[in-house]
Amino acid sequence: MQPKTHTNLDPTFRWLTLASGLGVVLLVAGILYTLVIGAMPALKHFGFGFLVSQSWDPAFMEFGALSSVYGTLISTAIGMLIAVPLSLVIALFLVELAPPAVSRLAGGAIELLAAIPSIIYGMWGLFVFAPFLADHVQPRLAELIPGFPLFEGPPMGIGMLSAGIILALMVLPFITSVTRDVFQMVPAVVKESAYGMGSTTWEVTRKVTIPYGIQGVVGACFLGLGRAIGETMAVTFVIGNRHEISASLFAAGNSIASTLANEFTEASDELYLGALIELGLVLFGVTLLLQLVARWWLRRTARKMGAVR
Amino acid sequence: MRHRSLAYRRGIDLGIRLISSLAALFGIAMLSWILGTVMLKGGPAINWEFFTELPAPPGMPGGGLANAILGTLLITLLAVVLGVPIGLAAGVWLAEFGQQSKTAETVRFAANLLMGTPSIIIGVFVYVVMVMTTGQFSGSAGAVALAIIMLPVVARTSEDILALVPSALREAALALGVPRWKATVGVVFRAAKTGLLTGTLLAIARVSGETAPLLFTALNSPYWPESFNEPTANLTVTIFNYAMSPYDDWQTLAWGASLLIAASVLGTTIITRGFLWYRSRQS
């Protein structure tokens, strides 16, 4: 039989798939480039002062990033302060304490928290959680330590505190699931030898499991941090959207992402838009940096672990 | 090491056990609280009109979100058409050709960066590239933003799944004289079919609840979606707008939309995860 002459499609296939792969690289570069170009009017006009100025007044064309950056940092910090210890003990429960069936169910439920869209967190936060906070939690906190600057002001519910708590709920599943995997990787022999010496479960966890997995846990925290810092809708619903810096956690504030979500469509002026895009650039830069650090950390860890074995 | 009495150590251990059990319970309680709220408040909004009618003007009772439901479906569909093939192709290159090369490492790194980029930044990017240049908010810009979010997810999951296909299968095909592309599409894809499908479904579930990238790309609209070149109604931005409005009717509709979004996203996630789990137990 005479073989049919085919045009060889293999090179085309290879180049097409390679182009798609490189497209991802180009996209990241393109985002960075676009944000820099888009932010140019503001970069030129405000210079470095943009980052340290607190004024935000579209009417007078004065823009500064400080209150948004501050709000992003504080709400993220509250979220991480709550989420990290909570995730650690939940992972401990899932790996060491719960029977397998309970662990699978509870683990599944916690992971489901990650699948809830952020706008749902926003709705729940605005209409249910913030009022709950204002009625039941904030007055008690204020009574607990009268005059404490963090808990001053009227209990509105909406503000830094509720934004932070909701962020904690949103990053909780990410940190928990990575921590759980790390805990599960600790060789049973190592744990069993500690149990054999008469250690309690907590002692095994503190002296064996956590030291063994600490680097993975830190990696998980970076992952959670990256999520929290760019979270938009849930924060926008509950943070209150006020361009001012207050010491009190009860006060309304804003974050970079919430400012973008609220004001982007209103920005008619080139400079206003430039300032908003520059805020986006700051956020993008921070997340890039976080990921580079996380990657460097994980690499270092992998090398260290490799050297040990 | 300090010596501590057994009773003290047992006490600490019991305390930690209690705390960690309570923490797990707390997580589950929060999940139930959120889902319960969405069901209780969203349930009453779901009726025939909700799926068939346009939103009523402010202050008027009734109305539905049929346009937003259709718009979300159309935007997501276009995003899938744009994002999945490119993501799949990138995954194929990583698994079949790139493997451990420097270029492949760069592509993986870029994909991870893109996955970690806040979705609102993708929105800003698409705004500058597509909305500012055309001077028009559009459904297609929204779809592009969602496609960019899906792209790295599809690329990385499909790479992982394709890498699991035993190389004996590829080699068997190649030994029969099948060209590489045919071996990939006809043999490797077929072997990895369910994995690819579930990976894609999870990516779709993830983007269909996204709001931030649509805020200033697709925007929103009170009308039926007629073309991708104009602001297009969609559920998530509608939730945002209606929740912030002072009208009770609109807030009820926002809860209904929340229920719809939550049910479809969580439903897809649970079904695909359950399916994966079932399969992993069978093999």
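For the reader, a short list of remarks on this structure follows.
- Estimated from helices alone, the mean residue ellipticity of chain A at 222 nm is -22500 deg cm²/dmol (sum of -39500 (n - 2.57) over DSSP H runs with n ≥ 4, per residue).
- Sorting B:22-33, A:158-169 by their mean Cβ neighbour count within 10 Å, with the most densely packed peptide first, gives A:158-169, B:22-33.
- Estimated distance in nm for a label pair at B:THR52 and B:LEU201, the labels positioned 7 Å out from Cα along Cα-to-Cβ: 3.0
- Sum of side-chain charges, B:ALA111 neighbourhood, beta-carbon under 14 Å (Lys, Arg +1; Asp, Glu -1): 0
- Charge dipole of segment B:49-282 (Cα centre as origin; +1 on each Lys and Arg Cβ, -1 on each Asp and Glu Cβ, all else neutral): 1160 debye, rounded to the nearest 20.
- Computed over segment B:6-45, Kirkwood Rh from alpha-carbon pairs, angstrom: 12.2
- Prolate/oblate/rounded label for segment B:49-282 (Cα gyration tensor, a/c 1.5): prolate
- Global form of chain A, assessed from the alpha-carbon gyration tensor, a/c cut-off 1.5: oblate
- Cα gyration tensor category, rounded, prolate or oblate, for segment A:1-73 with a/c compared to 1.5: prolate
- Our note on the geometry: Cα centres of segment B:93-131 and segment B:253-283, 26 Å apart.
- Cross-link partners of A:LYS207 among aspartates and glutamates (Cα-Cα below 17 Å; sequence separation of 8 or more within a chain): A:GLU96, A:GLU192, B:ASP13
- Inter-centroid distance (Cα atoms) of segment A:248-276 relative to segment A:152-199, Å: 32
- Extreme residue, positive dipole direction of the protein assembly as shown, given options B:LEU65, A:ILE119, A:ALA168 (C-beta unit charges): A:ALA168
- Net charge in the neighbourhood of B:GLY91 (other residues with Cβ under 13 Å of its Cβ; Lys, Arg +1, Asp, Glu -1) is -1.
- Based on C-alpha pairs under 8 angstrom that are at least 6 apart in sequence, segment B:49-282 has a relative contact order of 27 percent.
- Mean partner shielding of peptide A:96-103, defined as the number of other chain Cβ atoms within 10 Å of each residue Cβ, is 2.
- Net charge dipole size for chain A [Lys, Arg +1 and Asp, Glu -1 on Cβ; Debye, nearest 20]: 1600
- Taking all Cα pairs closer than 8 Å and separated by 6 or more residues, the relative contact order of chain A comes to 27 percent.
- The distance between label points at B:SER167 and B:GLN136 comes to 5.1 nm (points 7 Å beyond Cα on the Cα→Cβ vector).
- Simple label model, 7 Å out from Cα along Cβ direction - A:LEU289 to B:THR194, nm: 4.6
- Counting Cβ atoms of other protein chains within 10 Å of each Cβ in B:87-97 and taking the mean gives 5.
- Neighbouring partner chain Cβ atoms per residue of A:279-286, average, 10 Å criterion: 3
- Average Cα contact separation per residue, segment A:18-105, under 8 Å, 6 or more apart, as relative contact order %: 12
Rule-based calculations on the coordinates, nothing more; no lab input. Everything numeric here is computed off the predicted structure, so don't read it as measured data. Glycine gets a Cβ as well: all are built from the backbone with ideal geometry, and neighbour counts include every protein chain shown.
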